[in-house]
Amino acid sequence: MHKLLAASALSLAAVLPAQASTYTIDPTHTFVTYEISHFGTSTNRGRFDRKEGTVQFDRAARTGKVEISFDLTAINTGVAPLDKHLQSADFFDTAKHPSARFVGDRFVFNGDKVAEVGGTLTMLGKSAPVTLKATQFNCYLNPLVKREVCGGDFETTVKRSQWGMTWGLNMGVQDEVRLLIQVEAIKQ
Amino acid sequence: MKRLGAWAALAFALPCGAVAEPVVYRLDPEHSFVHFEVLHFGTSTLRGRFGVQEGLVELDRAAGRGYALVRIDTARVDTGLPAFDARLRQPDLLASDTHPQATFVASSFSFDGDKVRAVRGEFTLRGVSQGVELRALRFGCHPHPQLQREVCGGDFEGELRRADFGASFGMPFVANRVRLVLQVEGIRQ
């Protein structure tokens, strides 16, 4: 009888809506890469290497909240003088605004997969809405950390002038910047 | 008369009277990178980058021919994670100690008008050579603002299976298929 109770309690646990779980951003599998056109010829890319954040995620209730911040002084394009220019007042002005922050709480699901996360991106002391679209999303049991990991690839295109970053617009440097986001977060 | 004869011979040798002169471009290391993308646990995309150590492209747009040689230093792989870069340099992946260079040599170019549409060549990694095709996502030319010289380039993509080169560590958790995304810009010499 006890065994039966235990078994049914176990199966109930499997079907009942789970409570929101907290996931910590895995910095080794979370990167933002930006893409911007270079004179219409090729695409310049850069990456932000230092970041931290958490995700509250409830797949059953289809809700979530993500908070992530990026250290803009760790911008990395592979071209040292460009990294320096990007940190100057012409672009990110990292002396005054060393980090960027994204807070997203409008989770849109397609089945049990996250399809979209809407939120606010704050840079250079200004905030503007941004919607990240998932190109893939998945959860899996990671054999190394022996925990559930959820994540995927997201992308969006923003206009940098929305944050007051206008350097070079009059010289043909594009306003549109595509952001490619790899994210994985480990269940705590 | 002798001189005229020489000119006539030259004109005769040129197909269709076009001044089909191959133009040499040297890849600009500030705007030439080989990026790779590989799927991690079927969930998210790992990315990394190689700078171009040396790159020469010869284009004969009138004749529809081209030649490319690109060399990358595999030890300089850059994923943003020094520990991961060190792992990638190990013998079961890039094998940077025994094979410090990867090369792409191509002499099969296809054009769409005067724009390069695809480049097919041989990619050598870990001492193993395999055919790889790079398709142009965009191609164009612009004047270099400081050098006052023509710059031609674009974005190219291709794919390979890393196991074909013997770099199979971590499969299947980290996929076999690797997408290559290249930014290239060559400055006219």
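The values are calculated or read from the model by the stated rules, or taken from the named source; none is laboratory data. The structure presented is a predicted model; accordingly, all values stated were derived computationally and were not measured. Note: ideal-geometry Cβ built from the backbone for every residue, glycine included; neighbour counts use all protein chains shown. Just so you know, the surface numbers come from the protein's heavy atoms only, side chains and all, with ligands and any DNA or RNA stripped out. Shrake-Rupley method; radii C 1.70, N 1.55, O 1.52, S 1.80 Å.
Overview of values
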{"quantity": "Rounded to 10°, Cα long-axis angle of helix A:2-15 versus longest principal axis of chain A", "calculated": "30 degrees"}
{"quantity": "Residue-level accessible surface for B:Asp164, protein heavy atoms, 1.4 Å, Å²", "calculated": "80 Å²"}
{"quantity": "Cα long-axis angle, helix B:2-13 against chain B (0 to 90 degrees, to the nearest 10)", "calculated": "40 degrees"}
{"quantity": "In order through segment B:55-60: 3J(HN,Hα) via Karplus (6.51 cos²θ - 1.76 cosθ + 1.60), integer Hz, x for Gly, Pro", "calculated": "x, 10, 10, 10, 10, 10"}
{"quantity": "Karplus-derived HN-Hα couplings along segment B:144-152 (A = 6.51, B = -1.76, C = 1.60, θ = phi - 60°), whole Hz, x at Gly and Pro", "calculated": "5, x, 9, 7, 6, 10, 6, 10, 10"}
{"quantity": "List B:Glu21, B:Glu150, ordered by accessible area with a 1.4 Å probe, largest first", "calculated": "B:Glu21, B:Glu150"}
{"quantity": "Distant-in-sequence amide H partners of A:Ser99 (H built 1.01 Å from N, under 5 Å)", "calculated": "A:Leu72"}
{"quantity": "Cα shape, segment B:22-137, gyration tensor, a/c 1.5 rule", "calculated": "prolate"}
{"quantity": "Spin-label pair B:Ser129/A:Gln56, simplified geometry with 7 Å Cα→Cβ offset, distance in nm", "calculated": "6.0 nm"}
{"quantity": "Chain B - mean residue ellipticity at 222 nm from DSSP helices (-39,500 (n - 2.57) per run, n ≥ 4, rounded to 500)", "calculated": "-3000 deg cm²/dmol"}
{"quantity": "Heavy-atom accessible area order for B:Met171, A:Met165, largest first, 1.4 Å probe", "calculated": "B:Met171, A:Met165"}
{"quantity": "Sum of side-chain charges, B:Gly131 neighbourhood, beta-carbon under 13 Å (Lys, Arg +1; Asp, Glu -1)", "calculated": "-2"}
{"quantity": "Within segment B:119-189: Cβ-based charge dipole about Cα centre, in debye rounded to nearest 20 (Lys, Arg +1; Asp, Glu -1)", "calculated": "100 debye"}
{"quantity": "Among A:Gln56, A:Gln19, A:Gln87: highest mean-square fluctuation, GNM of chain A, C-alpha pairs under 10 Å", "calculated": "A:Gln19"}
{"quantity": "Neighbour net charge for A:Leu179 - beta-carbon separation under 10 angstrom, K R +1, D E -1", "calculated": "-1"}
{"quantity": "Exposure rank, largest accessible area first [B:Glu133, B:Glu157; 1.4 Å]", "calculated": "B:Glu133, B:Glu157"}
{"quantity": "Whichever lysines have a C-alpha closer than 16 Å to that of A:Lys84, once near sequence neighbours (fewer than 8 apart) are set aside", "calculated": "A:Lys96"}
{"quantity": "Pairwise centroid distance, computed over Cα atoms, of segment A:150-183 with segment B:60-133, Å", "calculated": "28 Å"}
{"quantity": "Charge context of B:Leu46, other residues only, Cβ under 11 angstrom, K/R +1, D/E -1", "calculated": "-1"}
